[in-house]
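Participant: Following this message is one structure expressed as structure tokens.
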Amino acid sequence: MAKINIYHLYPAHLNLYGDRGNILALCRRADWHGIDFEVVPVEPGGEVDFARCDLLYMGGGQDSDQKMVADDLKTRQSDMSRAVEAGMTIFAVCGSYQLLGQYYTTSNGEKIGGLEIVDLYTEAGPKRLIGNAVIKCSLWNPPRTLVGFENHAGKTYLRTGLKPLGEVQIGHGNNGNDKTEGAVYKNVIGTYLHGSLLPKNPWLTDYLLNKALCYRNQAFQPAQLDDSLEQQAHDSAIRLAGSRRHKRLSSRA
Amino acid sequence: MRNLFKLKLLVGIWTGKILIALTRIFGRGGTTLPGRIALKIAPQLSSSLADHLSKGSLVVTGTNGKTTTSALITGILKEAGYNCVHNQSGSNMSWGVASAFVAAASWKGNLFEDWAVMEVDEGAFPGVTRNIKPQGTVITNIFRDQLDRYGEVDHVLGSINRGLEMQPENSFIVLNADDPSLAGVKSSNTKKRWTYGLELDLPADTFENTGRDLKVCPICSGKLSYKKIFYAHLGHFYCLSCSYVRPEPDVKLIDSNTNPDGSTLLQVRLPGEEIEVYFPLLGTYNLYNLLAAVTCVKALDIQTSLIAEALKKSVPSFGRMELFELDNKAMVMALIKNPVGANEVLRTILSEKGKINLLVAINDKYADGTDVSWLWDVDFEQLAFNKDKLASVTVSGLRAWDMAVRFKYAGLEPAQIQVEENTAKAINKALEQTTAGNKLFILPTYTAMLEMRRFLNKIGLGKPYWEE
């Protein structure tokens, strides 16, 4: 039986916007596809063998947790970087997505160094970018939509050559200007979208499971799952994101 | 200049009153729009009317328990013979407070009430405090709630502190001693600080407290530990690295005996005396609400015998385990709005003896919180673990499908989940599944609750909420 090791980074500290939903989606769908899995919580200061990790999940954190997390992660920088180059999958949301980049400049000008795994940087913006968001994502051909909710003060900019996760159709995305959302580097995916993102975008969940299996030369043999509830949730979320009521709300935010 | 000011105030009150009457004709509560418009005309409306109060204002803020706590305080003050103006339906932004004042004011711009008891949203707290200058502020707890509006818990504390700075000298603050996050609440020497807490042996809950926002000491960031934990991060905490420890509360609940109907006989210790209270409301969270209210009126020197008398008559507040009955089927409506509150509601429901029919209605309008990701932090898995207790499950509201997916991933069979986006139709469908003699538990977000109550009022159940 195919098996993957899912490492959950600092579950007690990075769990801001329904991050539990993403972990739950990975576990449930692995189970439904007949993939054996283990979820390993990684605690600050604890021993971590990234060579054993197939899929690393990194959630969002409050400002007060973010700095502690950044300091702790920097001690693991070279291990993580090595694993990423070898093909480890990372799915990082919001605060963790920012941490994967080169630096984050806070609103009072303080520059917090990142992990420099992905070629991007983030600067605090004057107002929070909040609201439902829909993106067109080219991980698939033809592209598929992803729908979620974003809530971030940081504006993220991708350096030349780095691919975004998708093109913004509704919402703000990385910075509210260039219509990009998230970033993809090798098997690393970073995004501002939560909601939780994975449960109502099940193709992304399966994409991550597939990448994690391929990394260890295991074949993904997807089961025929009835995703009609997920599809309905996806479609209705897109309808709501495009509604006049929603547009009024996000301009208020 | 003075006359112009007075005129604006009167026009604001008149417009507000007319709008309240109009909105009620259309079956709405008139707790939002009239206040908004009235404030546009007369921005000082709440502060001018608050000046007429013979005694003063009290404000209840915090994440959970505001509605019930302020209702309990109002009940006790009324028992003591005072007249109160109170925003009882939970409309707790600045316009909700203004609407309540407008409704209570006379057409000549007078207000004959003794006290104003206002529940106030944490974000609206600084503005409202600046206007109505409360004599006392009760802060119930701080949990994660509606992050789309306020960013994060850290910001909520900042907002509360800004509000407290606006409170007049010689006022008082009532705090939950069991909530470690309230350590950051600042107060000056001129303000009396009252605390309350539980001193009981309750079984710790088995819920996964993903809503436990405070993992570390708010003072030194060391690890926080507990001698006793009641739910989420509420309990007898102490820091492993510094001297921060739960303060000894002024008002404590020292004993609780549960009656067969779920009501409790409580022993409350106040400075220098003890009272016995028969309390009809269910759930641990209501014990905290009771203590908050008792502490607040104790700070006002209300006679203790009156306190017990008033609490005995407590009925569930607006949408807080409120009971409706139709064709020998009971409907219990309990508002859910954040993980900690929802977990406590689920815990209370699961302690029910019979089979449970469930209707969860999730909207994502502004008053509900536009981000529904909190649903994934609620421990709905508890329902899947108790599948044999579940007779039927219906989901509704603008985010019905999100909720359906949530239940699927919690471990329920998709075929078991009935989806009906329209909240009124959902009540009918869920009632069809409910057999006579059984209960239907309705768990709506705020605006879904307003919709459902309008529907229930229409079929003759319950009173419109502005008449209560």
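The values are calculated or read from the model by the stated rules, or taken from the named source; none is laboratory data. In this text the structure is predicted, and so the values were computed from the model without any measurement. Reconstructed Cβ throughout: ideal geometry from the backbone, glycine too, with neighbour counts over all protein chains shown. To get the accessible areas, we keep the full protein, side chains included, count just its heavy atoms, and leave off ligands, DNA and RNA. Shrake-Rupley method; radii C 1.70, N 1.55, O 1.52, S 1.80 Å.
Participant: Need the C-alpha centroid separation for the stretch A:100-119 versus the stretch B:246-290, integer Å.
Facilitator: So the separation of the two Cα centres works out to 50 Å.
Participant: Continuing with this model, one more query. Would you kindly enumerate the cysteines in chain B that have no other Cys beta-carbon under 4.7 Å from their beta-carbon?
Facilitator: Taking the Cβ cut-off of 4.7 Å, the unpaired cysteines of chain B are B:84, B:296.
Participant: Check every DSSP H run in chain B and write down those whose alpha carbon atoms cover 30 angstrom or more along the long axis and whose mean Kyte-Doolittle hydropathy is -1.0 or greater.
Facilitator: Values: long enough: B:2-25 (35 Å, 0.93).
TM-like helix candidates: B:2-25.
Participant: Can you run phi through the Karplus equation (6.51, -1.76, 1.60; θ = phi - 60°) for the stretch B:363-374 and list ³J(HN,Hα) in whole Hz, with x for Gly and Pro?
Facilitator: 9, 10, 6, 3, 6, 8, x, 7, 9, 8, 5, 4
Participant: Might you tell me the accessible area per residue for chain B, computed with a 1.4 Å probe and given in Å²?
Facilitator: Values: 17610 Å² over 468 residues.
Accessible area per residue: 38 Å².
Participant: Name the residue from B:134, B:418, B:106 whose Cα lies farthest towards the positive end of the charge dipole of chain B, charges +1 on Cβ of Lys and Arg and -1 on Cβ of Asp and Glu.
Facilitator: It is B:106, whose Cα lies furthest towards the positive end.
Participant: Another question, if that's okay. So what is the calculated 222 nm ellipticity per residue for the protein assembly as shown, using -39500 (n - 2.57) for each DSSP H run with n of 4 or more, over all residues, to the nearest 500 deg cm²/dmol? Can you show the working numbers first?
Facilitator: On the way: 22 runs with 244 residues, N = 721.
Mean residue ellipticity, 222 nm, calculated: -10500 deg cm²/dmol.
Participant: Here is a further query. Could you grab the relative contact order for chain B? Cα pairs under 8 Å, six or more apart, rounded to a whole percent. Intermediate results must be reported in sequence, preceding the final value.
Facilitator: Numbers: 978 pairs, mean separation 60.6, N = 468.
So the answer I get is 13 percent.
Participant: Of B:252/B:337; B:55/B:312; A:136/A:179; A:163/A:186; A:186/A:211, which pairs sit farther than 18 Å apart, going by alpha carbon to alpha carbon?
Facilitator: Numbers: B:252/B:337 28 Å; B:55/B:312 25 Å; A:136/A:179 10 Å; A:163/A:186 10 Å; A:186/A:211 10 Å.
Table pairs above 18 Å Cα-Cα are B:252/B:337; B:55/B:312.
Participant: So what are the three principal axis dimensions of chain B from its Cα atoms, in whole Å, longest to shortest?
Facilitator: If we take the Cα atoms of chain B, the spans are 68, 57, 41 Å.
Participant: Express the C-alpha Rg of the stretch B:320-467 as a ratio against the empirical globular expectation 2.2 N^0.38 Å, rounded to two decimals. Before the final figure, lay out each step's value.
Facilitator: Details: Rg = 14.0 Å, N = 148, 2.2 N^0.38 = 14.7 Å.
With N residues counted in the stretch B:320-467, Rg over 2.2 N^0.38 Å equals 0.95.
Participant: Quick one: in the stretch B:1-153, what % of C-alpha pairs are over 27 Å apart?
Facilitator: 20 percent
Participant: Using θ = phi - 60° and the Karplus form 6.51 cos²θ - 1.76 cosθ + 1.60, what ³J(HN,Hα) does each residue of the stretch A:43-58 get, whole Hz, x for Gly and Pro?
Facilitator: Result, ordered by residue: 9, x, x, x, 6, 9, 9, 5, 5, 8, 8, 9, 9, 9, 9, 10 Hz.
Participant: Same structure, new question: Put a dot 7 Å past each Cα toward the Cβ at residue B:18 and residue A:225; how far apart are the dots in nm?
Facilitator: 5.8 nm
Participant: Name the lysines eligible as straight-distance cross-link partners of residue A:111: C-alpha to C-alpha under 20 Å, and not fewer than 8 places from it in the same chain.
Facilitator: Once the sequence-local lysines are set aside, what remains near residue A:111 is A:67, A:74, A:127, A:155.
Participant: Further, regarding this structure: Give me the percent of the accessible area of chain B that comes from carbon and sulfur atoms, probe 1.4 Å, all protein chains in place. Show your work: numbers first, answer last.
Facilitator: Details: 9270 of 17610 Å².
On chain B, the fraction of accessible area on carbon and sulfur atoms equals 53 percent.
Participant: If I take every Cα pair under 8 Å that is 6 or more residues apart in the stretch B:320-467, average their sequence separation and divide by the length, what percent do I get for the relative contact order? Walk me through the intermediate numbers first.
Facilitator: Details: 267 pairs, mean separation 50.7, N = 148.
Once normalised by length, the contact order is 34 percent.
Participant: Under a cut-off of 13 Å between alpha-carbon atoms, report the aspartates and glutamates in cross-link reach of residue B:353, not counting same-chain residues fewer than 8 places apart.
Facilitator: Excluding near neighbours in sequence, the set is B:261, B:388.
Participant: Between A:230, A:110, A:43, find the one with the highest GNM mean-square fluctuation for chain A; connect C-alpha pairs within less than 10 Å.
Facilitator: Checking each option, the largest mean-square fluctuation is seen for A:110.
Participant: Using a 10 Å cut-off around each Cβ of peptide A:192-200, what is the average number of partner chain Cβ atoms that fall inside? Don't skip to the end; give the middle numbers.
Facilitator: On the way: counts 0, 1, 4, 6, 10, 1, 2, 8, 5.
Per residue, the average neighbour count from other chains is 4.
Participant: So what is the relative contact order of the stretch B:240-368, in percent, for Cα pairs below 8 Å that sit 6 or more residues apart? It would help to have the intermediate numbers written out before the result.
Facilitator: Numbers: 122 pairs, mean separation 19.4, N = 129.
15 percent.
Participant: Moving on. Return the value, in Å² to the nearest 100, of accessible area buried between chains B and A (probe 1.4 Å, both sides summed). Please report the intermediate quantities before stating the final value.
Facilitator: On the way: alone 19340 and 11740 Å², together 27590 Å².
Separately minus together, B and A give about 3500 Å² buried.
Participant: Moving on to the next point. Could you work out how far the C-alpha centroid of the stretch A:1-79 sits from that of the stretch B:80-148, in angstrom?
Facilitator: The stretch A:1-79 and the stretch B:80-148 have Cα centres spaced 43 Å from each other.
Participant: So for the stretch A:3-252, Kirkwood radius off the Cα pairs, Stokes-Einstein at 20 °C and 1.002 mPa s: how many µm² s⁻¹? Display every interim value, and only then the final one.
Facilitator: Values: Rh = 18.1 Å.
Translational diffusion coefficient: 118 µm²/s.
Participant: Next question. What's the extension gain from residue B:4 to residue B:433 if we count 0.36 nm per residue and subtract their Cα-Cα distance? List each step's numbers first, then the result.
Facilitator: Working: separation 429, 0.36 × 429 = 154.44 nm, distance 6.02 nm.
So the extension gain works out to 148.4 nm.
Participant: Could you run the Karplus curve 6.51 cos²θ - 1.76 cosθ + 1.60 with θ = phi - 60° over the stretch B:331-338 and give me ³J(HN,Hα) per residue in whole Hz, x for Gly and Pro?
Facilitator: Residue by residue, the stretch B:331-338 yields 10, 10, 9, 9, 4, 10, 8, 7 Hz.
Participant: Within straight cross-link reach of residue B:8, meaning Cα distance under 20 Å, which lysines are found once same-chain residues fewer than 8 apart are removed?
Facilitator: Straight-line reach from residue B:8, under 20 Å: B:17, B:40, B:108.
Participant: Same structure, new question: Run a plain Debye calculation on the protein assembly as shown (Cα atoms as equal point scatterers, no solvent) and give log10 I(q)/I(0) at q = 0.11 Å⁻¹, rounded to two decimals, same order as the q list.
Facilitator: Debye curve over Cα of the protein assembly as shown, log10 I(q)/I(0) at q = 0.11 Å⁻¹: -1.23.
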